[in-house]
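The values are calculated or read from the model by the stated rules, or taken from the named source; none is laboratory data. Source: prediction; values computed, not measured. A quick note on method: Cβ atoms are made from the backbone with ideal geometry, for glycine too, and the neighbour counts reach across all protein chains shown. Protein only, heavy atoms only, side chains kept; ligands, DNA and RNA dropped before computing areas. Shrake-Rupley method; radii C 1.70, N 1.55, O 1.52, S 1.80 Å.
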Amino acid sequence: MRVALFVACFNDALFPGTGRAVTRLLERLGHEVVFPPAQSCCGQVHWTTGYQREAAGLARGFVRAFEGAAAGGAVVTPSASCAATVRESYPRIARAAGDAGLARAAANLAVYELSEFLVDVLGVTDVGAHFPHRVAYHPTCHSLRPGGAGDRPLRLLRAVRGLELVDLPEAGECCGFGGAFAMKNADVSVAMVADKVRHVRATAADVVCAVDNSCLAHLGGALSRLRAGVRTAHLAEILAGTGPA
């Protein structure tokens with residue numbers, strides 16, 4: 001299958017290894033991966049902070065970048081929050097902009113979060129990965145709700161050879177990042193991540209995994225400041241064999 005990789009701007013700028021991991025994984029499974037160079041931000045932050053006109057412009061740019069590249073295939077992203085933006089927010093962005101063409105074009109794109117694509121589209125849970133570490137999985141807010149991941153990352157992790165998956169207490173609680181939330185409500189955000197870190201440390205995990213690097217950056221920063229000895233890894237990196245050694 002032809003897969004167009006939407007790497008997401010956060011990953012492109014700060015976690016390029018995640019995009020490489022997705023490419024390595026999907027190519028290993030026998031699929032063609034293309035990277036539309038015109039891709040940019042999906043507009044999530046602009047839309048959620050009230051910049052509707054700017055969000056509409058970015059949404060149009062996203063559609064232009066991917067409608068040809070994904071013809072006959074799918075758009076896959078290692079970001080549940082960005083997948084949710086395209087699928088859930090673009091119709092509202094189009095309505096706010098009075099742009100019926102944008103709404104139609106966005107509806108024609110098949111956009112999937114990585115674990116959703118692997119499990120639901122490819123029908124794969126065992127990708128042949130090996131990761132001999134004790135891992136706690138943090139289900140990010142978007143992955144639990146509009147992002148489409150659900151329990152799919154857990155199903156994929158359970159099939160990884162050598163991986164010991166441990167239960168994370170209060171797993172469904174937000175880590176406190178929330179994009180602009182962490183900047184606008186810094187004290188609340190810090191208190192939330194402190195709770196999450198306490199639960200992570202209680203698992204005695206070597207690695208905490210998630211499907212959104214934005215949340216992992218928030219968690220990783222807090223764990224690093226405490227010198228907790230717990231590393232972070234995106235699901236794609238574990239599945240591709242490029243995670244922390």
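See the values below:
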item	result
Carbon plus sulfur fraction of accessible area for the range 109-245, probe 1.4 Å, in percent	51
Positive minus negative residues near TYR112 (Lys, Arg vs Asp, Glu; Cβ under 10 Å)	-2
Residues of the chain: accessible area per residue with a 1.4 Å probe, Å²	44
Spread of Cα-to-Cα distances over 5 Å intervals beginning at zero, given as percent, for the range 120-232	2, 12, 22, 24, 19, 12, 6, 3, 0
Potential extension, ALA245-ALA180 segment - 0.36 nm per residue separation minus Cα distance	20.2 nm
GluC sites (Glu not before Pro) restricted to the range 138-178 and DSSP loop, no more than 15 other C-beta within 10 Å	GLU170, GLU173
Option label - Cα Rg over 2.2 N^0.38 Å computed here, alternatives [x] 1.05; [y] 1.15; [z] 0.99	[z]
Under the span-like rule (Cα at least 20 Å along the axis, Kyte-Doolittle mean at least -1.0), DSSP H helices of the chain	52-66, 186-202
Solvent-accessible surface (1.4 angstrom probe) belonging to CYS82, in square angstrom, nearest 10	10
Helical contribution to [θ] at 222 nm, DSSP H n ≥ 4, -39,500 (n - 2.57), averaged over the chain, rounded to 500	-12500 deg cm²/dmol
